[in-house]
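Student: Below you'll find the structure I mean.
The values are calculated or read from the model by the stated rules, or taken from the named source; none is laboratory data. All figures in this text were calculated on a predicted structure; none of them were measured in a lab. Backbone-built Cβ (ideal geometry, glycine too); neighbour counts: all protein chains shown. When the accessible area is computed, the model is the full protein with side chains, heavy atoms only, and any ligands, DNA or RNA have been set aside. Shrake-Rupley method; radii C 1.70, N 1.55, O 1.52, S 1.80 Å.
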Amino acid sequence: MKLKLLVLSLMFVLASLIGFAQADNEQKMQTLFGEDEITYGGYGGVRVAYSQFNGSDAWLVGGRGGVVFNSAFVVGGGGYGIVNSPVFNNINGNDVVYLEGGYGGMFFEYILMPNKVVHLSFPVIIGAGGLLYSDVPVSSSGANFEDRIIDNSAFFVFEPGVEVELNVVKFMRVAAGVSYRYANGLNLVDTPGNAFNSLTGSVTFKFGKF
């Protein structure tokens with residue numbers, strides 16, 4: 001129910017803002033495949049995010065980027081990994097286990113009124129990921145980490161979001177936003193299948209030609 005409400009709210013906000021933008025710029029509207037010349041750019045960015053896995057804090061760090069068309073449409077890729085190794089108890093008979101893994105895939109973004117100092121963007125990532133439990137954190141496991149794995153699972157991921165973006169200088173932007181990660185197909189021992197479905201808050205630093 002929460003996921004449906006979030007998606008509907010995002011769609012309503014997006015539709016309303018696009019409507020206002022079209023009304024305000026009706027005589028100057030540009031389209032991706034119209035008569036006007038298509039412009040190209042690109043950016044790469046570092047993203048720091050906070051979410052949860054099965055009720056425990058999960059911090060993720062990663063990157064995203066792509067080709068920018070007409071300053072408004074982005075097509076590229078992104079990937080994020082868990083960096084804090086959340087701890088869980090009583091998993092498959094183990095007193096303590098550590099969660100490791102991440103996800104990534106194709107990245108799409110629509111940037112609304114990009115020339116404004118402060119504006120909105122609507123990023124979406126569609127891809128896959130993998131998570132695992134081990135009896136030691138990956139940072140201290142050494143070369144024999146595969147021998148310490150208790151269970152692992154792959155999954156499909158879909159994560160739409162909305163961000164407030166600030167044009168700092170011509171080649172740098174900072175974005176803060178929220179998204180909802182839907183991880184389908186997760187199958188880890190003694191763990192709910194929706195354990196990685198979570199609201200996520202993030203900050204992204206972008207560098208490039210916009």
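Student: State the answer as a single residue: which of Val164, Ala154, Asn144 lies farthest towards the positive end of the charge dipole of region 132-172, with beta carbon charges of +1 for Lys and Arg and -1 for Asp and Glu, about the Cα centre.
Tutor: Towards the positive end, the residue furthest out is Val164.
Student: Any chance you could check the Cα centroid distance between region 46-89 and region 105-168 for me, in angstrom?
Tutor: 3 Å
Student: Hey, can you find the accessible area per residue of region 135-199 for me, probe 1.4 Å, expressed in square angstrom? Write out the running numbers ahead of the final one.
Tutor: On the way: 3420 Å² over 65 residues.
For region 135-199, the per-residue accessible area is 53 Å².
Student: Summarise the accessible area of region 119-196 (1.4 Å probe, protein heavy atoms) by the percent that is carbon and sulfur.
Tutor: So the carbon and sulfur contribution to the accessible surface is 59 percent.
Student: I'd like the trypsin sites (Lys or Arg not before Pro) in region 79-182 restricted to DSSP loop residues with at most 16 other Cβ atoms within 10 Å, sorted by number.
Tutor: Passing sites in region 79-182 are Lys116, Lys170.
Student: From the phi angles alone, apply the Karplus equation (6.51, -1.76, 1.60; θ = phi - 60°) to region 56-67 and give each ³J(HN,Hα) in whole Hz, x where the residue is Gly or Pro.
Tutor: Residue by residue, region 56-67 yields 10, 5, 9, 9, 10, 10, x, x, 8, x, x, 8 Hz.
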